[in-house]
Amino acid sequence: MNTKKTILAILSAFLLSNFLTTVWYMFTDDANFVSFRREEMNFLGLVVNHLIYAILFVWVFVPFFEKSVSLSRGFLYGILMSAVMFVPSGIVMRSIWTVDFNGIFLLNSVAHMVIGGLMGIALAFIYTYKK
């Protein structure tokens, strides 16, 4: 495994995940509002979440990607990883807390999978780039 590519991949996945998720939730803030939400977010918790996600995303990516190298496979990988990370936790949250299964749940799930797909494309590009 190329250390420089791995560090670049983790940094890229972290930044893409952070930026695109922040933009998504800024645009859908009203639809995602729940009465028990904090007035001020715990940004350290959010940053740690995205860092752990990026590290795991890259760690699992290399063995998955070695079988077949393509940007479309990177996109598929990103969709699968995002579905594994976000959809089950969203279902649990809606099953336990007073948060409804509704259209915004579906939109958030799709948005996270698209964001994951873009992260997968970025990683595919990084790992296939040759000097």
Checklist entry - Quick check, is Lys5 basic (Lys, Arg) and either touching a Phe, Trp or Tyr at 6+ places or on another chain (Cβ under 7 Å) or within 16 Å of His112 (Cβ to Cβ) (or both)? => result yes
Checklist entry - Taking the stated definitions as given, is Met81 out of contact with any Ser or Thr (no Cβ under 9 Å at 6 or more places or on another chain) and crowded, with 19+ Cβ neighbours inside 10 Å? => result yes
Checklist entry - Taking the stretch 12-39 as the search range and keeping residues that are touching a residue at least 40 places away in the same chain (Cβ under 8 Å) and assigned to a helix (DSSP H, G or I), which one is surrounded by the most Cβ atoms within 10 Å (Cβ to Cβ)? => result Ala13
Next on the checklist: Going residue by residue through the stretch 68-77, is there one that turns out to be of a type in the set (Lys, Arg), surrounded by 13 or more Cβ atoms within 10 Å (Cβ to Cβ) and either touching a strand residue (DSSP E or B) at 6+ places or on another chain (Cβ under 7 Å) or in contact (Cβ under 8 Å) with a residue 24 or more places away in the chain (or both)?
Outcome noted: yes
Checklist entry - Is it the case that the stretch 80-97 has a residue that's among the polar types (S, T, N, Q), in contact with a helix residue (DSSP H, G or I) (Cβ under 9 Å, 6 or more places away or on another chain) and without any contact (Cβ under 8 Å) to a residue 60 or more places away in the chain? => result yes
Item to check | Search result, residues across the stretch 52-67 that are of a type in the set (A, V, I, L, M, F, W, C) and touching a residue at least 40 places away in the same chain (Cβ under 8 Å) | outcome: Ala54, Ile55, Phe57, Val58, Phe61, Val62, Phe65
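Computed from the coordinates by the stated procedures, all read-outs in this text should not be read as laboratory data. These numbers were taken from a predicted model, which means no experiment stands behind them. Positions of Cβ are generated from backbone atoms using ideal geometry, with glycine treated the same way; all protein chains shown enter the neighbour counts.
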